[in-house]
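Structure, as structure tokens:
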Amino acid sequence: MKSNLLLKTLLLSFALLFSALQGTAVDKNTARRIEEEIEKHKLEIIKIRRFIHMNPELGNREFETAKLIASKLMSLGLEIKTGVAKTGVVAILRGDQQGYTVGIRADMDALPIDELTDVPFKSLNPGIMHACGHDIHTSIALGTAIVLNSLKDKIKGNIKFIFQPAEEGPPPGEKGGASLMIEEGVLDEPPVGAILGLHVWPENLGEVFFSPGPILASSDWFQIIIKGKSSHGARPHEGIDSIVLASQVVLSLQSAISRAIDPTDPAVLSIGIISGGRRSNIIAEEVLLEGTVRTLSKTNREKIPRMMENVVRGITQSFGADYTFSYRKGSPSVYNHPELVKIIRPTLLKVLGEQGVKDLKPQMVAEDFAYYCQNIPGFFFLLGVKNPEEKTIAPLHSPYFNPDERSIPLGIKIMCHLLLDILEHQSQVDSF
Ligand SMILES: [Zn+2]
Ligand SMILES: [Zn+2]
């Protein structure tokens with residue numbers, strides 16, 4: 001990780017030069033070859049997607065998924081590494097021409113949800129479902145490897161394919177996900193200059209959504225225990241009512257968010273668990289509150305935990321109660337490197353047309369792709385997967401989530417163009 005600072009500085013100066021360069025690199029002939037390769041492999045890739053969908057695995061347990069991906073990549077002749085951050089698979093595709101390395105990341109894990117769709121390739125693992133579309137992400141990355149493997153003559157550098165476990169979080173007590181991949185050197189050897197990622201999104205197929213700067217929120221966890229004193233429900237003055245204090249804490253935290261945080265810099269504080277008390281006529285000794293804090297800026301991320309503890313301390317102290325306050329930082333916010341966005345936008349316009357490229361208002365959901373963006377320039381976009389003929393689509397994490405599979409060949413096409421164009425730009429920068 002020591003070389004990271006130097007690498008970052010170098011990358012930033014390259015990125016600044018990027019923006020001076022115009023146009024895209026994939027010519028008509030290459031674009032046609034990409035189409036032909038996608039057409040040739042489309043059915044095979046959709047079959048792989050369905051297999052992964054039928055056999056979903058939870059975070060850090062993606063054994064069969066990883067095995068399938070590794071064997072497919074191996075058959076292409078790519079250099080592969082397995083067991084990265086538990087079950088991760090990393091492959092390098094070297095182009096015929098030397099150059100930089102660009103990464104593409106896909107997540108492989110499913111969710112603990114019972115699938116309720118009626119698709120013929122419904123989950124065979126009870127209580128586990130690909131309800132966040134990571135099966136689509138994995139298939140797109142794999143398809144991109146298959147297609148670009150036959151276009152090596154057009155690759156000016158290397159492409160690192162990163163299949164990551166546990167995006168939804170590792171099981172309790174385990175490490176995992178993007179941060180562990182980075183800890184285990186996924187961005188080194190060869191050093192990755194920029195990284196791409198995507199997420200399926202319940203909007204129309206044929207549209208992508210992104211903007212420069214922070215687009216997804218940081219996600220932090222907190223727990224507050226309010227410690228009062230038990231007494232008879234009819235004699236509250238002999239105890240300290242932790243339920244009344246907890247109620248004040250809940251409301252005051254919402255007031256603090258709305259009154260003490262800059263309204264133009266969004267922040268969300270949600271309490272998802274509140275529990276306490278044993279009997280209707282006993283003053284509760286303790287109440288436990290647990291929740292999540294979402295922010296886009298560093299300023300809010302630093303400020304909010306301090307503010308929260310002040311609120312809890314003030315309320316509990318004024319009634320002689322005690323408290324514990326635990327706050328754990330999760331993934332940071334996903335940051336789209338503005339200079340990288342400048343290179344990428346023309347490519348997306350070329351592939352999807354004006355009507356397919358949409359601005360994204362920052363969303364308060366989180367994605368651990370953020371850890372890559374903390375280390376190197378990253379670009380993350382949302383890929384529409386709703387059949388435009390249908391009025392609605394079940395949301396992400398719903399047991400009815402059923403993305404349109406036509407998003408797979410489209411996702412592969414987008415990724416192929418982006419990767420080739422970015423490498424072309426980098427090679428031009430290099431020749432300065
Ligand atoms: Zn998810
Ligand atoms: Zn997801």
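The values are calculated or read from the model by the stated rules, or taken from the named source; none is laboratory data. These numbers come from a predicted model, not from an experiment. Ideal geometry is used to build each Cβ from the backbone, glycine not excepted, and the neighbour counts take in all protein chains shown. SASA here: full protein model, heavy atoms, side chains in, ligands and nucleic acids out. Shrake-Rupley method; radii C 1.70, N 1.55, O 1.52, S 1.80 Å.
Note down the net charge around L296, summing +1 for each Lys or Arg and -1 for each Asp or Glu among other residues with Cβ under 12 Å from its Cβ. Residues near L296 contribute +2 overall. The calculated 222 nm mean residue ellipticity attributable to helices in the chain amounts to -12500 deg cm²/dmol, summing -39500 (n - 2.57) over DSSP H runs of n ≥ 4 and dividing by all residues. DSSP assigns beta bridges within region 103-230; of those with both partners inside it, close to 10 percent run antiparallel.
According to the square roots a ≥ b ≥ c of the eigenvalues of the Cα gyration tensor, what is the shape class of region 233-278, taking rounded for a/c under 1.5, prolate for a/b larger than b/c otherwise, and oblate for the remainder? Note, shape of region 233-278 comes out oblate.
Take 320-326, 282-288, 160-166 and order them by the average number of nearby Cβ atoms within 10 Å per residue, most first; the result is 160-166, 282-288, 320-326.
The count of lysine pairs in region 61-154 whose Cα atoms are under 20 Å apart, excluding pairs fewer than 8 places apart on the same chain, comes to 5.
Highest mean packing comes first when the peptides 351-363, 223-235, 53-65 are listed by Cβ atoms within 10 Å, giving 53-65, 223-235, 351-363. Taking every DSSP bridge with both residues inside the chain, close to 65 percent are antiparallel.
Shown for region 253-327: the carbon plus sulfur share of the solvent-accessible area, taken with all protein chains present and a 1.4 angstrom probe, equals 49%. Have a look at P56, P126, V429 and report the one farthest towards the positive end of the charge dipole of the chain, computed about the Cα centre with Cβ charges (Lys/Arg +1, Asp/Glu -1). Going by the charge dipole, the pick is V429.
Classification of region 227-367 by its C-alpha gyration tensor yields a prolate form. The axis ratio a/c (a ≥ b ≥ c) is 1.5 or more, and a/b outweighs b/c. For region 284-432, lysine pairs separated by 8 or more sequence positions, or belonging to different chains, with Cα-Cα distances below 29 Å total 25.
Protection proxy ranking of 115-121, 340-346, by the mean of other Cβ atoms within 10 Å over each peptide's residues and highest first, is 340-346, 115-121.
Heavy atoms of the protein chains alone define the surface here; on that basis the chain has 44 Å² accessible area per residue at 1.4 Å probe size.
Carbon-plus-sulfur accessible fraction, region 84-164 (probe radius 1.4 Å, protein heavy atoms only): 49%. Heavy-atom surface analysis with a 1.4 Å probe gives region 357-432 a carbon and sulfur content of 49 percent of its accessible area. 3J(HN,Hα) couplings calculated from phi for region 230-239 with the Karplus curve 6.51 cos²θ - 1.76 cosθ + 1.60 (θ = phi - 60°) are, in sequence order, 6, 7, 5, x, 8, 10, x, 5, 8, x Hz; Gly and Pro show x.
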